[in-house]
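The values are calculated or read from the model by the stated rules, or taken from the named source; none is laboratory data. Every value quoted in this text rests on a predicted model; they were computed, and no experiment measured them. Cβ placement follows ideal geometry from the backbone for every residue including glycine, while neighbour counts extend to all protein chains displayed. Heads up: the accessible areas ignore ligands, DNA and RNA and are worked out on the full protein's heavy atoms, side chains in. Shrake-Rupley method; radii C 1.70, N 1.55, O 1.52, S 1.80 Å.
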Amino acid sequence: MDAHESSTKDHIDEALYSRQLYVLGHDAQRRMAASNVCIWGLTGLGVEISKNLTLAGIKTLTIVDDEIVQWADLSSNFYAHESDVGKVSRAQAASQHLVTLNPYVAVHVLKEAELTDEVLATYQVVVCVDQMLETQKRANKVCRAAGGKFVSTSSRGVFGQIFNDFGDEFIVLDPTGEEPPSTLISAITKDSSPTVSCLDDHRHDFETGDFVSFTEVRGMTEINDGKPRKIKVTGPYTFSLEDSEDVMDFSDYERGGYATKVKMPVTLSFKPLEQALSEPEFLMTDYDPPTAMHVAFQTLDKYRVEREGKFPTPGSAKDAAEFVALMKALDAENADAALGEMFSRCCAGSMNPMAATLGGIVAQEVLKAISFKFMPIKQFLYFKCIQALPEPLPSEDDCAPRGNRYDAQIAIFGHSFQHKLKNLRYFLVGAGAIGCEMLKNWALMGVGTSDTGKVYVTDMDQIEKSNLSRQFLFRDSDIGSAKSTAAANAVKAMNPRMNIESFLERVGPETEEKFNDDFWDNLSGVCNALDNVQARLYVDQRCVYFKKSLLESGTLGTKGNVQVVVPFLTESYGSSRDPPEKSVPICTLKNFPYQIEHTLQWARDYFEGAFRAGPEEIKNYATRGDEFIEELRKQGPGTMVGVLETLKKDLITSKPESLQDCVAWARLVFEELFSSSIQQLLIAFPHDMLDSNGIPFWSGTKRAPNPIKFDISNPMHFDFIEAGALLRAQVYGISTENVSTEDLKAMTLKVDVPEFKPKTGMKFATSDAEAETQGGASAVDHEDTIVEELIKSLPDPDSLKESMNVSPIEFEKDDDSNHHMDFITACSNLRATNYSIEPADRHKSKLIAGKIIPAIATTTAFITGLVCIELLKLVKLGYTDVKKESVQNAWAIEGSGSVSDEKKKEDARRLEIFQNSFCNLTLPFFSFAEPMPAPKTEIPGGRAWTLWDCVEVDEGRDITLKEFLSIFEERYGWEISMLSCGVSILYSSFTQAKKLQERMPMTMSEIARTVSKLEFGKSQKYLVFEVCCNDKDGEDVEIPYIRYKFR
């Protein structure tokens, strides 16, 4: 069987793998579903890899590890429990949990004695985890001879290693995983190296060496042959075709056409491990070549061989000296004594963040070997996080085992550091994919496990089936349960000592009484596991306000990023924003679509109007009557006419009484959307129309449409009728029980469809600016008169309260039985057919219309590992200590802006310790950079402040406005000219004298309550004020917000 072919037609559970399929595709998923993988070594790293592969959906996973579970395993192995210590093997402990992860994956346990060369040769991929070098070489040799793929990996303290050997000839079918870019073209020359020009404002996004093919070119139709042609980029809007002399014999180019990048296979050759050790190829993750780490890992193997498998003693300076000497003897040129000492003192230990980081990468490499999708690591990757190590390095006594589950982590960081982790009080916002991985990591690290430590997690969502392929704490039995509750219960089982409290509330302004000042003040830090920018920004603002560190991360398919936000050191998450997404012009959606994204947006909008907004307006009219009409008037007569016409149709002319009426509605809507409206558009803009410059109107991005003649035997046509009729019936509470497809077809044939009659006076805007000038797509005179006539035609709202029972439908993309995506897919593809746009299958339509974020467990595991490494650094530098007192307004002291050289150096050193990251496992690409420092605002008096500063006003009581103003003048020399709270001005220099006289003796909270109409929560202690002020010389002074404590 050719592994490159889609070798099995087995069913793919799209409900389970939906988010992953948008990363890998169906062909890759089928290859995975026919694969067998062996993991040799079930340390924490091995379990991470096994978990990720099981979630991904390989066919068979064989795990091998005879070692009996020890206390040290529990630091990184989340499937080894305290009851397993000294009783069962690592493989046995892991297997009983792995089998519950994915019903489509068979998990087998094999004894090491059974792993003969003949057995090794049967696996498509063999992964050696934390194995001695001789074992790795043996497995590699067997795999190469059998045509299998080999991966080895090791996690040693804060150092990690990955090695790939995919054979002499490995073909990568899709190196990037990106959707091939396409561009509209406006010209092709006829010469030996033809130049292709793109349409104005359409950059091509190609690179020299890419291959492109052409479609829909007019005139030079010969070039639409699908042949991939190599290009050379000559500018952002032009490129030339190489080796395309045949174009000289083609017809002349007339107009139109698309150039689309063609993904070309890439063939790679790998060296066997024995050869690669002496002739290494490195994937760079840092500016410095990883040669010293390459030597260190080989030195460790030699050290253990000479000492019967023993590691250097954790924290031992003596053993470290021996290790460095051996390292220099092995390779004096590339040995690094400082790195060697750190390596020796921690390599016996293991920590979950490193296992998670490497486990995500390695599992993705295995999937590459199976699926031939994405570029593999060639051949060594080394990773280190030495910045997380305590300074100075912990002593041998501090690293000595305590006979508990954290021994392997203590071997790296020391017992005193572990004590800090136990005392953390951390808030995790979100319990989805990142949240699940984070909680697992924290449970193994021991976060919040002391009497005073605690973890808080909140998530308002419930578990769905599509979550199970990457949110590994959940099982089938959890579907429908609250994510935060299920996740908390799952990690509590992993580490019973973890103190965790779950919430179901969204973190936002409406829950500030729940997550109040005391709650935030007592946190060690916050970690976001969110999937939307608005929520991230809110949490970021609260962290800045309460001076708390924030760990921010996100994933998109195989891409991931991490940002660490450190009080008084770095900028915040909200300091920089991604540019907003380009919106599609309304006129493009309405009349001139040219991409499937346009038709899907149009179909989604129609769904919202027909099945949600329309029924909601009926309910509003029925329950609120005149009040609803008056609110409509405020939106203007143009909008009002459209809403009232829809109400009239839904309440009178088209109100369904039976399923037959619903079918008739769907059939007539089909005729209007895909035939009549297109014919009307072509009357205004005929196919052969020329613009004022003599250029065909239907050119460039404008695609000439054609009406569709309804054909009940066409599945796309009937899908629209069926889904539309059933949704209409659902809205109006009409029964569809025991109705068959044949019944619906019979009803459809009964519908009398009137012949198309052109409307007069119709105008169509060709741009949004023109639409604004016209005031809509059609010119309507005497709108006020029409509005009043429509209102009179509507039934009395009181008569509808009992009889009108409508149920608006909220769009839900993941329920395949609710007909939502059936309707949108059919509607979009019919529209695409009108405009000769390539239709999209249901899977792609769901991605675009549902705005689904592609996701895969490998990236999630990798990213959360990196986040936890940054958490260790925060603990190391004391940023997680809950500070009860600080020097109030230290920044406002005259001369405070003059920072000493020592302070500057210390801040620079601390910045260098932290790392923001952006990574793409597809390419693979890893970028690490220190965070941006918090920008400073300098003001007179030698003062300077950052976004982390504010003016703290805490007099132990609620003071008056007069006292408040005098504090600023007497202490800081600032005269307040304006004071505001929210959108209300409480005081200004131009306020009427009488009002000032009234407000001066009032307390600040009283003024805020009466002027700003604020309602204070029971636990609220602070008010936030904004001020404009001047210094003694009358110059404007820009100062941060004021945090005023009134209770």
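Scaled to the globular estimate 2.2 N^0.38 Å, the Cα spread of the chain, given as radius of gyration, is 1.08. For ILE500, nonlocal amide neighbours, meaning residues 5 or more places apart or on other chains whose placed amide H falls under 5 Å from its own, are VAL455.
Determine the sum of side-chain charges near GLY609: Lys and Arg each +1, Asp and Glu each -1, restricted to other residues whose C-beta is under 14 angstrom from that of GLY609. Intermediate values should be presented prior to the final figure.
On the way: positive: LYS590, ARG604, ARG612, LYS649, ARG728; negative: ASP605, GLU608, GLU616, GLU617, GLU645, ASP650, GLU672, GLU810.
With Lys, Arg at +1 and Asp, Glu at -1, the net is -3.
How far, in nm, would the chain grow between PHE519 and LEU556 when pulled straight, counting 0.36 nm per residue and subtracting the alpha carbon separation? Mind showing how you got there, number by number?
On the way: separation 37, 0.36 × 37 = 13.32 nm, distance 3.16 nm.
So the chain would gain 10.2 nm between PHE519 and LEU556.
What FRET efficiency comes out for the pair GLN96/TYR287, r = Cβ-Cβ distance, R0 = 60 Å, nearest 0.05? Kindly include the intermediate steps, with their values, before the conclusion.
Values: r = 44 Å, r/R0 = 0.74.
About 0.85, to the nearest 0.05.
Provide, for q = 0.14, 0.20, 0.24 Å⁻¹, the log10 of I(q)/I(0) from a solvent-free Debye sum over equal Cα point scatterers in the stretch 182-262. Cα-only, vacuum Debye calculation for the stretch 182-262: -0.36, -0.77, -1.19. Between ASP168 and PHE270, the built amide H atoms are under 5 Å apart, and every one of these is 5 or more places off in sequence or on another chain. Proximity of backbone amide H atoms, modeled 1.01 Å from N, is registered between ASP66 and GLU112 at under 5 Å, excluding neighbours fewer than 5 places apart on the same chain.
Within the set of other residues whose C-beta is less than 12 Å from the C-beta of MET821, count the net charge using Lys and Arg as +1 and Asp and Glu as -1. Local net charge: -3. For the residue pairs LYS420/LYS873; LYS263/LYS368; LYS230/LYS559; LYS51/LYS302; LYS111/LYS137, alpha carbon separations beyond 22 Å are given by LYS230/LYS559; LYS51/LYS302. Remark: the stretch 950-1045 is approximated by an ellipsoid whose semi-axes, taken from the C-alpha gyration tensor as √(5λ), come to 21, 16, 12 Å, largest first. Dividing the summed helix terms, -39500 (n - 2.57) for each DSSP H run of n ≥ 4, by the number of residues in the chain produces a 222 nm estimate of -11000 deg cm²/dmol to the nearest 500. Solvent-accessible surface (1.4 Å probe) assigned to SER658 amounts to roughly 40 Å².
Dipole size of the chain about its Cα centre, with +1 on Lys/Arg Cβ and -1 on Asp/Glu Cβ: approximately 1820 debye, rounded to the nearest 20. Over the stretch 390-436, the hull volume per residue, using the convex hull of the C-alpha atoms, is 104 Å³. Each peptide in 379-387, 608-616 gets a packing score, the mean of other Cβ atoms within 10 Å over its residues, and the list from highest to lowest is 379-387, 608-616.
Computed from backbone phi with θ = phi - 60° and the Karplus coefficients 6.51, -1.76 and 1.60, the 3J(HN,Hα) list for the stretch 511-520 is 10, 5, 6, 6, 9, 8, 4, 4, 4, 5 Hz; x is used for glycine and proline.
For the chain, DSSP calls about 65 percent of its internal beta bridges antiparallel.
Rounded to two decimals, what is the ratio between the C-alpha radius of gyration of the stretch 412-570 and 2.2 N^0.38 Å? Spell out each step's value before the answer.
Details: Rg = 15.2 Å, N = 159, 2.2 N^0.38 = 15.1 Å.
Ratio of Rg to 2.2 N^0.38 Å for the stretch 412-570: 1.01.
Coupling constants for the stretch 531-539 follow from the phi torsions by the Karplus curve (6.51 cos²θ - 1.76 cosθ + 1.60, θ = phi - 60°), and in residue order they are 10, 9, 5, 4, 5, 4, 5, 5, 4 Hz; glycine and proline get x. Using a probe of 1.4 Å, the accessible surface attributed to ARG831 totals some 10 Å² when neighbouring protein chains are kept in position. Measuring only protein heavy atoms, the 1.4 Å probe finds LYS230 accessible over about 80 Å². Ordered from largest to smallest accessible area (heavy atoms of protein chains, 1.4 Å probe), the residues THR922, THR937, THR639 come out as THR639, THR937, THR922.
For a distance above 20 Å, tell me the whole-number percent of Cα pairs in the stretch 827-950 that qualify.
Numbers: 5175 of 7626 pairs.
Within the stretch 827-950, distances greater than 20 Å cover 68 percent of Cα pairs.
Taking other residues whose beta carbon is less than 15 angstrom from the beta carbon of THR221, and scoring Lys, Arg as +1 and Asp, Glu as -1, yields -3. Convex hull volume of the Cα atoms of the stretch 583-674, normalised per residue: 122 Å³. For q = 0.07, 0.09, 0.14, 0.17 Å⁻¹, what log10 I(q)/I(0) does the stretch 586-850 give under the Debye formula with an equal point scatterer on each alpha carbon and no solvent? The Cα Debye sum returns log10 ratios of -0.27, -0.45, -1.11, -1.52. Each residue of the stretch 219-226 is assigned a 3J(HN,Hα), and the resulting list reads x, 7, 5, 4, 6, 7, 8, x Hz, derived from the Karplus form 6.51 cos²θ - 1.76 cosθ + 1.60 (θ = phi - 60°), x at Gly and Pro.
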